[in-house]
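Trainee: Can you read through this structure? Questions will come right after.
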């Protein structure tokens, strides 16, 4: 009987594995895991009827998830975008820059990627155009090694350093980096309810020492920088 | 497109309400949510795994819950599991839905009283 139930667990895992990629990206292997775990429990409590319900739920939800995924993709194609997506320019009068890191102009560009955002920061400092290395933000709360866009290590980044991103709500994004459990830097990006402005709070350790910045940005069309 | 205003989620789907309610005490994994809902409803509401994970996916997309990076102490942790927790938006939505249900109960009680008097 135990072998038979283990077979049911494996079958459950196999069917759950056929769920759409989008579903699996969000939920990981949670469904497979949970189904496998509850097979013996359901058998003990409800017998064959319970197992039929368990598999019925899995099979009924499968096409529903595919349909929802199609709708999500269609919606993504039709909608104007995520509240973060686009280009933002700092309003210096409303921003508290760290004296060591005060730009004449600063812009942020959020580009949607398959699993998060590509964040590009650029601006004008000391009369020269400057740009930071583009970073990816995957807002799933997981820690990932810090690598460049080609997946290669970055010079100057401490060994074992990881980055993370979280989406506290639809308008709040948090991203940061840490090494050995200690924070290297952290930023909170919060878009206003009308989607026209964004408050960015960043703090960490830069090449000129620790810094803290609370900057207000406004949404602007591209290109962001004023002509010199 | 995620809805930004908590009011836009009302009335909240029953499954979503049960899941959010399970996360009020802190982060919880899928199995924990399923068991919590089952116990709280005295066995009347069972969130089957695919239904539960479909709802969890939707709640994440809508920004009502988030996968938690914090793990319980190793002796209480199950490394295989993902933990979820409420976002501030999720908390607001749950509060609003609770208030909506309370208002409905108050209206029903008032109507019953009125009916009894007449």
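The values are calculated or read from the model by the stated rules, or taken from the named source; none is laboratory data. As the structure is a prediction and not an experimental result, all values here were calculated from the model. As a convention, Cβ positions derive from the backbone with ideal geometry for all residues, glycine included, and neighbour counts pool all protein chains shown.
Trainee: Does residue A:175 satisfy being surrounded by 19 or more Cβ atoms within 10 Å (Cβ to Cβ), within 14 Å of chain B (Cβ to nearest Cβ) and not in a loop (DSSP other than H, G, I, E, B)?
Mentor: Taking the combined requirement at face value, the residue satisfies it.
Trainee: Which members of the stretch B:18-31 meet the condition of being modelled with pLDDT of 90 or more and surrounded by fewer than 17 Cβ atoms within 10 Å (Cβ to Cβ)?
Mentor: B:24
Trainee: Quick check: is even one residue across the stretch A:44-60 surrounded by 17 or more Cβ atoms within 10 Å (Cβ to Cβ), within 29 Å of the chain's Cα centre (by Cα) and not assigned by TED's automatic domain parsing to the domain that holds residue A:197?
Mentor: yes
Trainee: How about the stretch A:43-82: which of its residues are at the interface with chain B (Cβ under 9 Å from one of its Cβ atoms) and modelled with pLDDT of 90 or more?
Mentor: Answer for the stretch A:43-82, where residues must be at the interface with chain B (Cβ under 9 Å from one of its Cβ atoms) and modelled with pLDDT of 90 or more: A:53, A:54, A:56, A:57, A:58, A:59, A:60, A:61, A:62, A:64, A:65.
Trainee: Another question about this same structure. Given the criterion under 22 Å from residue A:191 (Cβ atoms), more than 7 Å from chain A (Cβ to nearest Cβ) and modelled with pLDDT of 90 or more, identify the matching residue among B:38, B:59, B:47.
Mentor: After applying the criteria, what remains is B:59.
Trainee: Please go through (1) at pLDDT below 85; (2) exposed (fewer than 13 other Cβ atoms within 10 Å of the Cβ); (3) under 30 Å from residue B:51 (Cβ atoms) for residue A:100 and return the number of the only condition it doesn't satisfy.
Mentor: Condition not satisfied by residue A:100: (3).
Trainee: Would you call residue A:166 buried (at least 18 other Cβ atoms within 10 Å of the Cβ) and either in contact (Cβ under 8 Å) with a residue 24 or more places away in the chain or in a strand (DSSP E or B) (or both)?
Mentor: yes
Trainee: Run down B:75, B:99, B:114 and say which single residue is at pLDDT below 90, more than 14 Å from chain A (Cβ to nearest Cβ), out of contact with any helix residue (DSSP H, G or I) (no Cβ under 7 Å at 6 or more places or on another chain) and assigned to a helix (DSSP H, G or I).
Mentor: The match here is B:75.
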